[in-house]
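**Q** Questions regarding the structure given below will be posed in turn.
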Amino acid sequence: MNKIKQLGVWMDHSKAVLIELYDHKLFSKEIVLKATPIEKENVDTHEVKVHSKEQSHNQSVYFKEISDAIRNYQDVLLFGPTDGKNELFNLLKADHNFKNTKIELKTTDKMTVIEKQEFVVEYFK
């Protein structure tokens, strides 16, 4: 009998916590956006545009890293306080590699590690 691997992903725009529920055990992993800070003093518009492009690229890399991590799951829950989960969901819907993956969205507040784990366990009960 195959054991089903289920994944809860709590995320915002800068950090994702992947919580795998497999054979009644929890496994966690974090993915963090690689941010590029910008100095606020003496910043011209060109620097702001370059920084914005760089941040956009970093956001794409961040979403790709999360997508790659959840590729082999049958059942995925995306949850968290920001629209980051919605943006990722839209990317996954457009990707044919996820056509057989059940993906659901839930809006939650900021949570402690324990609350995130309990939320995932309760959702997949």
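The values are calculated or read from the model by the stated rules, or taken from the named source; none is laboratory data. For clarity, every value in this text was computed on a predicted model and none was experimentally measured. With ideal geometry, Cβ positions are generated from the backbone for all residues, glycine too; neighbour counts draw on all protein chains shown.
**Q** Working only within the stretch 69-125, note down all residues that are among the hydroxyl-bearing types (S, T, Y), surrounded by 15 or more Cβ atoms within 10 Å (Cβ to Cβ) and in contact with a Gly (Cβ under 9 Å, 6 or more places away or on another chain).
**A** Residues of the stretch 69-125 that are among the hydroxyl-bearing types (S, T, Y), as a first pass: 73, 82, 101, 107-108, 112, 123.
Pick out the ones that are also surrounded by 15 or more Cβ atoms within 10 Å (Cβ to Cβ) and you get 73, 101, 123.
Matches in the stretch 69-125: Y123 only.
One line per residue, one yes/no per condition, for (1) closer than 21 Å to T108 by Cα; (2) modelled with pLDDT under 65; (3) in contact with a Gly (Cβ under 6 Å, 6 or more places away or on another chain):
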position	(1), (2), (3)
Q6	yes, no, no
D12	yes, no, yes
V17	yes, no, no
E20	yes, no, no
V32	yes, no, no
K40	no, yes, no
H46	no, yes, no
K53	no, yes, no
H57	no, no, no
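**Q** Of everything in the stretch 58-86, what is acidic (D, E), more than 14 Å from Q6 (Cβ to Cβ) and outside any loop (DSSP other than H, G, I, E, B)? Give them in sequence order.
**A** Our first condition is that a residue be acidic (D, E); within the stretch 58-86, this holds for 65, 68, 75, 83.
Going one step further and asking which of them are more than 14 Å from Q6 (Cβ to Cβ), we end up with 65, 68, 83.
Across the stretch 58-86, the qualifying residues are E65, D68.
**Q** Then there's this: Go through the stretch 82-125 residue by residue and tally those that are of a type in the set (V, I, T), modelled with pLDDT of 95 or more and closer than 20 Å to K64 by Cβ.
**A** Of the residues in the stretch 82-125, 1 are of a type in the set (V, I, T), modelled with pLDDT of 95 or more and closer than 20 Å to K64 by Cβ.
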